[in-house]
Every structure is written in C-alpha cells, then in structure tokens.
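Data block below; observations after.
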Amino acid sequence: MIALRKFKDSAMKNLHSVVGILNILIVFLIFLFIFTNSMDFFREYPIHKFFFGSEWISLSGKYGLLPLLVGSFWVTFIALLISIPTGIITAIYISEYANKKNRNFLKIIIEVMSALPSVVLGFIGLYVLAEPIKNIFNLNTGLNALTGGIMLSFMAIPTIVTLADDALKSLDNSYREASLALGANKLETIVKILLPAAFPGIFAGIMLGFGRIIGETMAVLMITGNAPILATSPLSSVRTLTATIASEMGEVVQGSTHYHSLFAIGLVLFIISFITNTLADKYIRKSRKLMGK
C-alpha cells in the first residue's frame, strides 16, 4: 500500500515536471519561430527605417512602425486613464466599505465583465459608442482611438479590481487598527496607509491590465478606424500593432518582405508582453512577501 502511494506520488511529480518543461519548450519554440522570421525581415529591410519610419504602406513597400506604435499608445493610454482610477476605487469600495451582499454582487458583475468576448465589446463600441462620440466632438467618424480606449478599459478593469481587492484584503488588520488608534479617519487610513502598503499588488494588477489592453486584437480592429497614421490626437483614427497583424496576415504572400514584417511586429509585441509580465510577476512576488506568504 505504501509502495503504491509512493509510486503514485513519484508518477505525478514526474508528470508535472514533464508538463512544466513542455510549456517552457512551447513558448521557446514560438519565440524562436517569430524571431527567425523577424530576422529575415531585417535582412531585407533596414532596421532603422522599421523602428523610426513614419509610414506603413505595405503596397508601396514602406514598413514604418511609428504609426502603429502611436496608435497603440493612444488606445492604451486612454484605456489605462479610465481603468486605473475606476478599478482602484471599485476595489477600495469592495474591500473596505461594501457589506457582504454588495461585495458578492459586485464580484459577480466583475467576473461577467472579464468573461465578455472582445468581439462583443467591439460590436458595442461600433453600434452604441461610435455615433455619440462622432456627434459630441463633431467628427467625420466615431471610429478612433478614443472609442477604442473606452471599450478596452472594460477589459482591464476586472483584472485591476481583482488584484487590487486581493492586495487590500490580504493586509493585516493591524494596519487599519493602528491608523485608527492614532486618530486617522477611515479615508485617511485608506489613502495614507492601506494603498501604499498594498501598492505592489495594485501595480501588478495595473501591469496585467496593460498587458490585456496591448494584446487585444478584435475590438481595436473593429472600432479604431484602422488608419496607420501618426495620430496627434485620440480623436483620430488609428491602427494598433495587433490590428495590423490581424488585418494583413490573411492576404499577404508567404515568404515576402511584407509577410516577414508582420513577424517583426509580433516580435515587438512579444518583447512588450515579456517585460509587462516580468514586472507584474516581480510585484506579485513582492506583494506576497510583504503579506508573509
């Protein structure tokens, strides 16, 4: 009986090790595939023209990354501008003010938000939000970075709320009790004591929310206008990095310079995602360490 139990434990340990190694290998092979095709592009096209070029016109052989980076910047900036304060304030309410009934209700709403497919958010932005934005700002079209940023904020809010709430709830009650005992009111305790103490967990949520926004494809493809221009305003139509890959990969000639340029964009996205997740993991570990976990 003991021998059988040891055999099962050993088998499960080995299985977990194999699965873990396999996951690492798959990620490495994906990176290698993207990197190899990207290097083929840089052998055909000057690297400085790619990173500093101001025009993306694939039919004319112009592959400047800046318009796509600017488009991604505007959409991400607006989404974070909305989602960070909204997410943190919601997490504070859930953690510190809401009773059990309201807390459970809001948790369900947040989980439903996180489960919404991006194509649904794209349809909402296309048929509900675009027209009011067009009329309010007197624009030719409501498909722009502002519309995209507003809709993408709904994708980041659940992540920020969940991790910020967990960070606040995990703090020891001594933080609250000591602050209140010294004469601080509840708001002062939250702003000056709890938020700084929970900052690593909150920042991790923000970084993961950023990763969700920068990697989104379908929604931005539908509602940002798909114009690869150097936008100077969030009211301009833009095209993001992910939308460019999605819109052009289906019609590109395999093995061409255009084909390899899309892998170069993928490499840029891979690096951004890697940095984002590394920072998030660092702060999650720091948060757990502060919590004694």
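A few notes on this one:
- Members of the stretch 260-283 that are within 15 Å of Tyr63 (Cα to Cα) and either of a type in the set (Val, Ile, Thr) or in contact (Cβ under 8 Å) with a residue 24 or more places away in the chain (or both): His260, Ser261, Phe263, Ala264, Ile265, Gly266, Leu267, Val268
- For the stretch 248-293, the tally of residues that are of a type in the set (Gly, Ala, Ser), part of a helix (DSSP H, G or I), modelled with pLDDT of 85 or more and open to solvent by less than 40 Å² (accessible area, probe 1.4 Å) stands at 3.
- Taking residues in the stretch 162-173 that are over 13 Å from Glu96 (Cβ atoms), and partners anywhere that are acidic (Asp, Glu) and crowded, with 17+ Cβ neighbours inside 10 Å, not one pair has Cβ atoms closer than 7 Å while being at least 6 places apart or on different chains.
- Considering Ile94, Ile21, Ile88, the condition of being farther than 30 Å from Leu230 by Cβ, among the hydrophobic types (A, V, I, L, M, F, W, C) and touching a Lys or Arg at 6+ places or on another chain (Cβ under 6 Å) is satisfied by Ile94 alone.
- Those helices (runs of 4 or more DSSP H) lying entirely in the stretch 131-240 with at least 3 residues more than 18 Å from the chain's Cα centre (by Cα) and of a type in the set (S, T, N, Q): 173-181
- Scan the stretch 36-56 for residues that are open to solvent by 70 Å² or more (accessible area, probe 1.4 Å) and either touching a residue at least 60 places away in the same chain (Cβ under 8 Å) or touching a Lys or Arg at 6+ places or on another chain (Cβ under 7 Å) (or both) and the total you get is 2.
- Residue within the stretch 73-80 that is surrounded by 14 or more Cβ atoms within 10 Å (Cβ to Cβ), without any contact (Cβ under 8 Å) to a residue 12 or more places away in the chain and farther than 14 Å from Ala219 by Cα present: yes
- Test: residue in the stretch 258-273 that is touching a Lys or Arg at 6+ places or on another chain (Cβ under 9 Å), farther than 27 Å from Leu163 by Cα and not acidic (Asp, Glu): yes
- Output for the stretch 59-72, where each listed residue is touching a Ser or Thr at 6+ places or on another chain (Cβ under 8 Å) and either open to solvent by 50 Å² or more (accessible area, probe 1.4 Å) or aromatic (Phe, Trp, Tyr) (or both): Tyr63, Leu66
- Matching residues in the stretch 233-247 - criterion: being open to solvent by 20 Å² or more (accessible area, probe 1.4 Å) and either touching a strand residue (DSSP E or B) at 6+ places or on another chain (Cβ under 9 Å) or hydrophobic (A, V, I, L, M, F, W, C) (or both): Leu235, Ser236, Ser237, Arg239, Ile245, Ala246
- Test: residue in the stretch 206-214 that is within 30 Å of Leu65 (Cβ to Cβ), modelled with pLDDT of 85 or more, touching a strand residue (DSSP E or B) at 6+ places or on another chain (Cβ under 9 Å) and open to solvent by 20 Å² or more (accessible area, probe 1.4 Å): no
- Residue in the stretch 1-23 that is closer than 22 Å to Met249 by Cβ, open to solvent by 40 Å² or more (accessible area, probe 1.4 Å), free of Cβ contacts under 8 Å to residues at least 12 places away in the same chain and assigned to a helix (DSSP H, G or I) present: no
The values are calculated or read from the model by the stated rules, or taken from the named source; none is laboratory data. Please read these numbers as outputs of a predicted model, since none were measured by experiment. A quick note on method: Cβ atoms are made from the backbone with ideal geometry, for glycine too, and the neighbour counts reach across all protein chains shown. These area figures cover heavy atoms from the full protein model, side chains too; ligands, DNA and RNA do not enter into them. Shrake-Rupley method; radii C 1.70, N 1.55, O 1.52, S 1.80 Å.
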